[in-house]
Amino acid sequence: MTRRLIPPERFHFARTLAPLLAPQFDPIGRLSADTFSLAARTPDGPAAIHLSREKSGEIETKSYGPGAEWLAGNADAISGLRDDVTGFPALAQKHELVRQLARTFAGIRMPRTGMVFHRVLRAILEQKVTGVEAFRAYRQIVKKFGEPAPGPGDLLLPPDPAAIAATPYWAFHPLGVEQRRTQALLRAAQVAARLEECADSETATRRLTALPQIGPWTAAEVVRIAYGDADAVSVGDYHVPNTVAFGLAGESRGTDERMLELLEPFKGHRGRVCDLLAHGGIRAPRFGPRMPIRSFARF
């Protein structure tokens, strides 16, 4: 199926879509300056979508597979074109740095996939480990459980929740995931259907945090992408409280409580402000050694 989209002025194609894929390499998708591909398990079945930005600025979408119609109908949401920034420019005026960042990165929108479990997989794997460890394990799991996606591009579908749920926890150890994160993943896979049917971010957050070993951080990481929730804040993150405290108050260190206090004036777009600080390269000073990179597969 083919569809054409008209993005807003100054729309930044690559930066908008980058959060949908793991850094460096993701078996389920590809991204360049003007093209994007994504394989997905939609409510109507497996599918893949390919976006191409033309010289005119318009975006052509082509989708394949049993879920092609579903992906085509949601292509604008996946591309971030349903992101509602109404009212944010006025909020951004409350802080000079946020105002500057909002103007500089006005072309970046928040995508919304409408698909929950794949993001749950990513978020659980990123719990309490470095990004290098998390993305390495993610790629190995996708290669082990993924299946060829419809259409061109040699993409793999995200793992089927049923296949994950049917796998014993010890089988994930060689893939670089210890028992604690594996158990959280298995529990989420068992109730994946209930998670996918959530109508909104609030319902999804409530169901996610009711699961053992899934807290506010994991839920926020999921709903920010699956529902395009611009207010989702990753409470419990290792870096974000420090970044917010440093960017908004010049404080080298911050707590979750201080972070939420500083973000309160931007209620409704708090997650967007965190993203803008990241896009702007705002980082708190670093003290002490970095967290070591490990491989649970070798333990």
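The values are calculated or read from the model by the stated rules, or taken from the named source; none is laboratory data. Not measured: the values here are computed from a predicted model. For neighbour counting, all protein chains shown are included, and Cβ atoms are generated from backbone atoms with ideal geometry for every residue, glycine included. These area figures cover heavy atoms from the full protein model, side chains too; ligands, DNA and RNA do not enter into them. Shrake-Rupley method; radii C 1.70, N 1.55, O 1.52, S 1.80 Å.
Just to be sure I understand, how many residues within segment 64-79 are crowded, with 22+ Cβ neighbours inside 10 Å and more than 18 Å from R112 (Cβ to Cβ)?
Adding up the residues that qualify gives 2.
Name the residue that is least open to solvent (accessible area, probe 1.4 Å), counting only residues in segment 88-98 that are farther than 29 Å from L31 by Cβ and in a helix (DSSP H, G or I). Steps first, please.
We begin by selecting, within segment 88-98, every residue farther than 29 Å from L31 by Cβ; these are 90-91, 93-96.
Still in the running and in a helix (DSSP H, G or I): 90-91, 96.
Values: A90: 71, L91: 33, E96: 94 Å².
Ranking the candidates gives L91 first.
Quick check on my filter: what residues within segment 195-212 are closer than 19 Å to T113 by Cβ and surrounded by fewer than 14 Cβ atoms within 10 Å (Cβ to Cβ)?
Of the residues in segment 195-212, the ones closer than 19 Å to T113 by Cβ are 195-205, 207-208.
Once the filter is applied, which keeps residues that are closer than 19 Å to T113 by Cβ and surrounded by fewer than 14 Cβ atoms within 10 Å (Cβ to Cβ), segment 195-212 yields E197, A199, D200, E202.
Would you pick out the residues in segment 262-281 that are outside any helix (DSSP H, G or I) and either touching a Leu at 6+ places or on another chain (Cβ under 7 Å) or crowded, with 20+ Cβ neighbours inside 10 Å (or both)?
H269, G280
Mind telling me which of the residues R82, R41 ends up being within 19 Å of V116 (Cβ to Cβ), modelled with pLDDT of 95 or more and assigned to a strand (DSSP E or B)?
None of the other options fit; the residue is R41.
Identify the single condition in (1) closer than 16 Å to K94 by Cβ; (2) not in a loop (DSSP other than H, G, I, E, B) that A245 does not satisfy, given that it satisfies every other one.
(1) is the only condition that A245 fails.
Answer yes or no as to whether K128 is touching a helix residue (DSSP H, G or I) at 6+ places or on another chain (Cβ under 9 Å), basic (K, R) and assigned to a loop (DSSP other than H, G, I, E, B).
Spelling it out, K128 is indeed touching a helix residue (DSSP H, G or I) at 6+ places or on another chain (Cβ under 9 Å), basic (K, R) and assigned to a loop (DSSP other than H, G, I, E, B).
Could you tell me which residue of segment 233-261 is farthest from T182 (Cα to Cα), considering only residues that are open to solvent by less than 10 Å² (accessible area, probe 1.4 Å) and under 20 Å from the mean Cα position of the chain (by Cα)?
V244
Residue under question is P23, and the condition is that it be over 17 Å from the mean Cα position of the chain (by Cα) and assigned to a loop (DSSP other than H, G, I, E, B); does it hold?
Values: over 17 Å from the mean Cα position of the chain (by Cα): no; assigned to a loop (DSSP other than H, G, I, E, B): yes.
In short, no.
Would you point out the residue of segment 173-191, among those that are crowded, with 22+ Cβ neighbours inside 10 Å and β-branched (V, I, T), that is farthest from A162 (Cα to Cα)?
Top of the filtered list is V177.
Looking at segment 26-51 only, could you name the residues that are more than 11 Å from L155 (Cβ to Cβ), more than 15 Å from the chain's Cα centre (by Cα) and without any contact (Cβ under 8 Å) to a residue 60 or more places away in the chain?
S32, A33, D34, T35, F36, D44, G45, L51
Under 7 Å between Cβ atoms, which residue pairs at least 6 apart in sequence (or on different chains) link something in segment 54-82 that is within 20 Å of P150 (Cβ to Cβ) with a partner that is of a type in the set (D, E) and outside any strand (DSSP E or B)?
E60/E54; P66/D44; G67/D44; E69/D44; W70/D44
Yes or no, residue by residue, for (1) open to solvent by 50 Å² or more (accessible area, probe 1.4 Å); (2) out of contact with any helix residue (DSSP H, G or I) (no Cβ under 7 Å at 6 or more places or on another chain); (3) of a type in the set (D, E, K, R):
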site	(1), (2), (3)
A18	no, yes, no
A22	no, no, no
D34	yes, no, yes
P43	yes, no, no
K62	yes, yes, yes
T104	yes, yes, no
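Can you tell me which residue among V132, V85, V116 is hydrophobic (A, V, I, L, M, F, W, C), within 20 Å of the chain's Cα centre (by Cα), more than 17 Å from D26 (Cβ to Cβ) and open to solvent by 10 Å² or more (accessible area, probe 1.4 Å)?
Result of the check over V132, V85, V116: V85.
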